[in-house]
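First the structure, in the form of structure tokens, and then the observations on it.
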Amino acid sequence: MTIQLGVDIGGTGIKAAPVDLERGALVGDRQYVATPHPATPAAVAITVAELVHGVGTDGPVGLGFPGVVKHGVTATAANLHPEWIGTNAEKLFSHHLGGRPVAVINDADAAGLAEMGFGAGASQPGVAVMVTLGTGIGTAVFVDGTLVPNTEYGHLFVGGTQAEELASTRAKEHANQSWKQWSTHLLGFLKELERLIWPDLFIIGGGISVEFRRFCERLQTSAPVVAATLGNDAGIVGAAIAVRETAVWRPSDRIDEEVNHP
């Protein structure tokens, strides 16, 4: 059994658990804390460090981040604090984790890695799209199993409005939308993705995926639409996988160097 720690950072909450990489499953209970507000880099890094300490594992840490991540640097942060833009997140988290190596990946990409490896997308040929629904909308695109990173299609405009302002879980709750109203917005988003990239499979993830039966019949698209097998654990599992799939950042002797720039 190969155990790796995964952390899923969201705009509302942060989750962590050790993961068995051979089975793609959590080992032990999932730990959860609320995302600090304002969600500045320092505040989130401190919260993550406390959460990881509570889990009690050693070794590298994989973290899913709700924004574009390029070479360890966060380029967007739509549902966190704007100070994240341009922050070297890998150095920042490693610093607050006492120098432990870390790998930081887009959170939807992390969830997609988990589903393509162990869930609904396993062995799926062609183009598969993971759609995570929560505070915002995340997407992960795979071509014959290979990730196309940082797609962030949740920020596409559908009918003049960003998709995540209409079809995210938060949008449903804030507008008190019925399942019919909300699923109509979600369908519009999926059809826009079909118009642009013609996927062979949609995988719906995020916490709301446990209610998939309540809205799936309204999602009439050319490609099949299925629920994420790993549910809301996919982000944690995928973050742990990212440690194996990507080069983790290993701290230099100058661990106290500036972390707010690449």
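The values are calculated or read from the model by the stated rules, or taken from the named source; none is laboratory data. Nothing here was measured: the structure is a model prediction, and the numbers come from that model. Positions of Cβ are generated from backbone atoms using ideal geometry, with glycine treated the same way; all protein chains shown enter the neighbour counts.
Within the stretch 167-186, restricting attention to residues that are in contact with a Leu (Cβ under 8 Å, 6 or more places away or on another chain) and not small (Gly, Ala, Ser), which residue is nearest to residue 219 (Cα to Cα)?
Of all residues in the stretch 167-186, those in contact with a Leu (Cβ under 8 Å, 6 or more places away or on another chain) come to 167-169, 183, 185-186.
Okay, now just the ones that are also not small (Gly, Ala, Ser), so 169, 185-186.
Numbers: 169: 16, 185: 10, 186: 8 Å.
It comes out as 186.
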Review point. Of the residues 57, 87, 74, which is of a type in the set (S, T, N, Q), free of Cβ contacts under 8 Å to residues at least 40 places away in the same chain and either over 15 Å from residue 153 (Cα atoms) or in contact with a Phe, Trp or Tyr (Cβ under 9 Å, 6 or more places away or on another chain) (or both)?
Key: 74
Check your understanding: Does any residue in the stretch 159-175 that is farther than 21 Å from residue 212 by Cβ come within less than 9 Å, Cβ to Cβ, of a residue that is at pLDDT 95 or above and of a type in the set (Gly, Ala, Ser) six or more places away or on a different chain, and which pairs are these?
Key -> 159/188; 162/154; 165/171
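Test residue 151 against the criterion of being farther than 17 Å from residue 11 by Cα and in contact (Cβ under 8 Å) with a residue 12 or more places away in the chain, and give yes or no. Full working, then the answer.
On the way: farther than 17 Å from residue 11 by Cα: yes; in contact (Cβ under 8 Å) with a residue 12 or more places away in the chain: yes.
Against the criterion (farther than 17 Å from residue 11 by Cα and in contact (Cβ under 8 Å) with a residue 12 or more places away in the chain), residue 151 qualifies.
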Revision key, fill the gap. Across (1) at pLDDT below 95; (2) in contact with an Asp or Glu (Cβ under 9 Å, 6 or more places away or on another chain), residue 54 clears everything bar (2)
Check your understanding: Which one is nearest to residue 56 (Cα to Cα) among residues in the stretch 33-42 that are surrounded by fewer than 14 Cβ atoms within 10 Å (Cβ to Cβ) and touching a residue at least 12 places away in the same chain (Cβ under 8 Å)?
Key -> 34
Check your understanding: Given 151, 139, which one is of a type in the set (S, T, N, Q), in a strand (DSSP E or B) and under 20 Å from residue 113 (Cα atoms)?
Key -> 139
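Can you name every residue in the stretch 1-29 that is part of a loop (DSSP other than H, G, I, E, B) and either in the same structural domain as residue 207 (by TED's automatic domain parsing) or more than 16 Å from the chain's Cα centre (by Cα) (or both)? Spell out how you get there, then give the answer.
Of the residues in the stretch 1-29, the ones part of a loop (DSSP other than H, G, I, E, B) are 1-2, 10-12, 21-24, 27-29.
1, 2, 21, 22, 23, 27, 28, 29, listed by residue number.
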Practice item. Residue by residue through the stretch 117-144, note down the ones that are in contact with a helix residue (DSSP H, G or I) (Cβ under 9 Å, 6 or more places away or on another chain), over 12 Å from residue 200 (Cα atoms) and not hydroxyl-bearing (Ser, Thr, Tyr). Key: 117, 118, 119, 122, 131, 133, 134, 136, 137, 138, 140
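For every residue, the table says whether it meets (1) surrounded by 24 or more Cβ atoms within 10 Å (Cβ to Cβ); (2) in a helix (DSSP H, G or I); (3) not aliphatic (A, V, I, L, M).
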residue	(1), (2), (3)
64	yes, no, yes
77	no, no, no
80	yes, no, no
83	no, yes, yes
90	yes, yes, yes
93	yes, yes, yes
98	no, no, yes
103	yes, no, no
